[in-house]
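Here is the structure we will look at, set down as structure tokens.
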Amino acid sequence: MSKSIFLLLGPENGEKERFIARLRSDLEKKAGGSLETSSFYPYDTSMADVVSDMRNGSLFASSKLVKISRIEDLKKEGVDSLTEYIASPAPGVTLLLLSDEIGSDPKSPPGKLKKPLPKENVKIFWELFENQKQGWILSYFREKKMGIHQEALELLLDLVDNNTLDLKEACGRLALYYGEGRQLSVEDVESQILHSKEENVFSLFAKIAEGDLAGSLDICIKILESGAGQAVQILGGIIWQFRRLHALRLLLDSNFSEQEALNRVNIRGKRNGQISLQGAANYSSEDLGRILALQARYDGLLRSTPAEAHSHVLSMFFYYAVARKGLEEEPVLP
């Protein structure tokens with residue numbers, strides 16, 4: 001069993017994929033290039049069928065690599081089928097069980113599947129610390145002979161999911177488009193990461209700034225359905241803009257002129273300025289402080305719920321942010 005079944009846990013999918021790539025390479029060398037690979041998810045395949053397929057072996061290859069992702073979504077029957085398989089694995093088959101969770105709850109599917117496996121078969125890929133992610137990005141662009149302004153770097157981290165797999169994809173897109181010698185700006189990140197589709201988090205935030213809940217929800221659904229952005233990415237982009245709006249509102253409260261306040265927050269362009277000033281008129285600094293306080297909870301909810309529930313979670317966030325100005329509890333009438 002020690003070399004045939006691995007439980008790969010944690011949110012750092014970049015390192016996780018590198019581990020899988022190395023393992024696949026080793027298996028291909030041992031099999032002389034004859035390696036059959038397959039991937040499954042709990043919601044589209046019966047685990048009993050997957051186990052049956054593994055036990056039947058391969059007709060065309062001497063070795064088989066099977067990957068089952070999002071095992072946190074397994075039902076009891078699926079966990080039972082895999083637990084039985086772990087006790088008696090098929091020869092010539094390497095099984096990878098993947099989850100963004102870390103299996104700390106022994107009653108969860110990852111926790112249950114962790115129990116029968118040797119410790120050396122369970123690997124946790126922890127998320128990078130904030131300074132490590134910044135260092136990773138700076139190093140990436142340094143190798144490409146490029147640079148990135150600090151504000152652009154912070155926006156990139158807000159918009160891209162917190163693992164090096166997604167960071168590499170986003171940074172690669174920027175490097176391919178702009179090339180050597182470029183010092184990436186906020187506008188560069190906005191253009192390549194967010195503005196590739198007709199609807200994006202900037203058009204979404206324009207509706208939020210207007211206080212238009214129905215319009216906000218409509219654009220959010222369009223972005224999700226088009227595949228232009230994942231829920232965590234959408235929330236990250238909106239929160240980044242709320243932070244800038246909060247900074248703008250505080251400057252205006254301190255009697256800075258509109259133009260000076262916009263310049264200090266680095267909000268450029270006539271249209272962006274109009275949207276931001278409208279938002280500052282519709283939301284007080286207290287409102288914006290409450291909205292920003294919602295961020296961590298709803299970010300955590302998105303990361304801990306199945307993808308099919310993300311639209312509902314985002315809708316709840318927009319309701320409390322736009323309609324309730326950050327107030328989550330309904331007022332008690334006298």
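The values are calculated or read from the model by the stated rules, or taken from the named source; none is laboratory data. Keep in mind the model is a prediction, meaning the values are calculated, not measured. Every residue, glycine among them, receives a Cβ derived from its backbone with ideal geometry; neighbour counts consider all protein chains shown. Side chains included, ligands, DNA and RNA excluded: accessible areas come from the protein's heavy atoms. Shrake-Rupley method; radii C 1.70, N 1.55, O 1.52, S 1.80 Å.
What the table below lists for this structure:
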quantity	calculated
Sequence-distant residues sharing a close amide H with Ser63 (under 5 Å, placed H)	Glu36
Residues whose placed amide H lies under 5 Å from that of Ile5, excluding near-sequence neighbours	Leu95
Dipole magnitude (debye, nearest 20) for the chain, charges at Cβ of Lys, Arg, Asp, Glu	1000 debye
Gain upon complete extension [Glu151, Ala309; 0.36 nm per residue less C-alpha separation]	53.7 nm
Rough spin-label spacing in nm, given labels placed 7 Å along Cα→Cβ, for Asn56 and Glu225	3.8 nm
Label point 7 Å beyond Cα of Arg18 along Cβ direction - residues of segment 99-113 with amide nitrogen under 17 Å	none
Percent of C-alpha pairs per 10 Å bin, segment 108-243, short to long	11, 36, 27, 18, 8, 1
Accessible area of the chain belonging to carbon and sulfur atoms, whole % at 1.4 Å probe	51 percent
Cut-off under 5 Å, modelled amide H: who pairs with Ile148 long-range	Leu184
Among Ser81, Ser254, Ser46: highest mean-square fluctuation, GNM of the chain, C-alpha pairs under 10 Å	Ser254
Estimated vicinal HN-Hα couplings, Hz - segment 270-275 in sequence order (Karplus 6.51, -1.76, 1.60; Gly, Pro = x)	4, 5, 4, x, 4, 4
Computed E for Ala281/Met316 - FRET, C-beta separation, R0 25 angstrom, nearest 0.05	0.50
Neighbour count of at most 13 Cβ within 10 Å plus DSSP loop: longest chymotrypsin sites (Phe, Trp or Tyr not before Pro)-free window in the chain	130-334
Average accessible surface area per residue within the chain, 1.4 Å rolling probe, Å²	51 Å²
Tilt relative to the chain, helix 285-304 - C-alpha long axis, 0 to 90 degrees, to 10	10 degrees
Surface accessible to a 1.4 Å probe, Ile102 within the full protein complex, Å²	50 Å²
Efficiency of FRET between Thr45 and Glu120 - r from beta-carbon atoms, R0 25 angstrom, step 0.05	0.35
Check: segment 23-148 dipole with +1 on Lys, Arg Cβ and -1 on Asp, Glu Cβ, in debye	440 debye
Point-charge dipole on Cβ atoms (K/R +1, D/E -1) for segment 264-334, about Cα centre, debye to 20	540 debye
Long-range tail of P(r) for the chain (Cα pairs > 37 Å, %)	31 percent
Point-to-point label distance, Arg271-Ser25, nm (Cα→Cβ direction, 7 Å offset)	4.5 nm
Gain in span if fully extended, Asp212 to Lys76, counting 0.36 nm per residue against the direct Cα distance	44.7 nm
In order through segment 127-140: 3J(HN,Hα) via Karplus (6.51 cos²θ - 1.76 cosθ + 1.60), integer Hz, x for Gly, Pro	5, 5, 5, 4, 5, 5, 5, 4, x, 4, 5, 4, 5, 4
10 Å Cβ shell holding at most 16 others, DSSP loop, trypsin sites (Lys or Arg not before Pro): longest site-free stretch of the chain	4-74
